[in-house]
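Reviewing the structure listed below.
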């Protein structure tokens with residue numbers, strides 16, 4: 001859900017030259033996301049058809065601008081990389097993994113991911129955002 005939600009937010013804000021990819025430390029490659037993830041993303045009106053779960057590889061971290069881990073314990077597993085951050089350091093909270101839990105847990109995770117996406121953009125891409133936006137239309141601020 002993190003990748004799809006973040007991509008939707010950068011698209012909504014018309015930020016160019018920023019992309020996202022997600023991978024799990026203990027995830028197994030699969031052709032589909034969990035049913036509850038699909039339900040949450042559908043409820044949000046987000047297309048997840050191009051996303052497939054995958055396991056995190058060192059090469060992914062080495063080639064990305066930043067890697068954001070949902071929890072501090074995840075970031076500590078990857079502390080040898082200088083571009084790894086815990087969500088708590090960026091957004092002020094961790095995002096628990098809802099895997100195997102109720103739809104309500106997935107919806108709460110999606111809510112937290114939406115907030116976190118905005119915080120990540122503000123911290124790392126706010127200059128890009130202001131440069132990429134067009135001038136406001138008359139009457140807009």
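The values are calculated or read from the model by the stated rules, or taken from the named source; none is laboratory data. This is a predicted model, so every value here is computed, not measured. Positions of Cβ are generated from backbone atoms using ideal geometry, with glycine treated the same way; all protein chains shown enter the neighbour counts.
Numbers at a glance
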| item | result |
| --- | --- |
| One residue from 11, 59 being outside any loop (DSSP other than H, G, I, E, B) and either closer than 21 Å to residue 108 by Cα or within 14 Å of the chain's Cα centre (by Cα) (or both) | 11 |
| Residue match in region 71-83 (condition: crowded, with 16+ Cβ neighbours inside 10 Å, in contact with a strand residue (DSSP E or B) (Cβ under 6 Å, 6 or more places away or on another chain) and either at pLDDT below 95 or in a helix (DSSP H, G or I) (or both)) | yes |
| All positions within region 35-65 that are in contact with a helix residue (DSSP H, G or I) (Cβ under 8 Å, 6 or more places away or on another chain), buried (at least 16 other Cβ atoms within 10 Å of the Cβ) and more than 14 Å from residue 5 (Cβ to Cβ) | 36 |
| Leading residue by the ranking (modelled with the highest pLDDT) among those in region 121-140 that are exposed (fewer than 15 other Cβ atoms within 10 Å of the Cβ) and over 16 Å from residue 14 (Cβ atoms) | 123 |
| Yes/no for residue 115 being under 12 Å from the mean Cα position of the chain (by Cα) and either in contact (Cβ under 8 Å) with a residue 60 or more places away in the chain or closer than 18 Å to residue 20 by Cα (or both) | yes |
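This table checks each residue for (1) modelled with pLDDT of 95 or more; (2) part of a helix (DSSP H, G or I).
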| site | (1), (2) |
| --- | --- |
| 94 | yes, no |
| 97 | no, no |
| 109 | yes, yes |
| 113 | yes, yes |
| 119 | yes, yes |
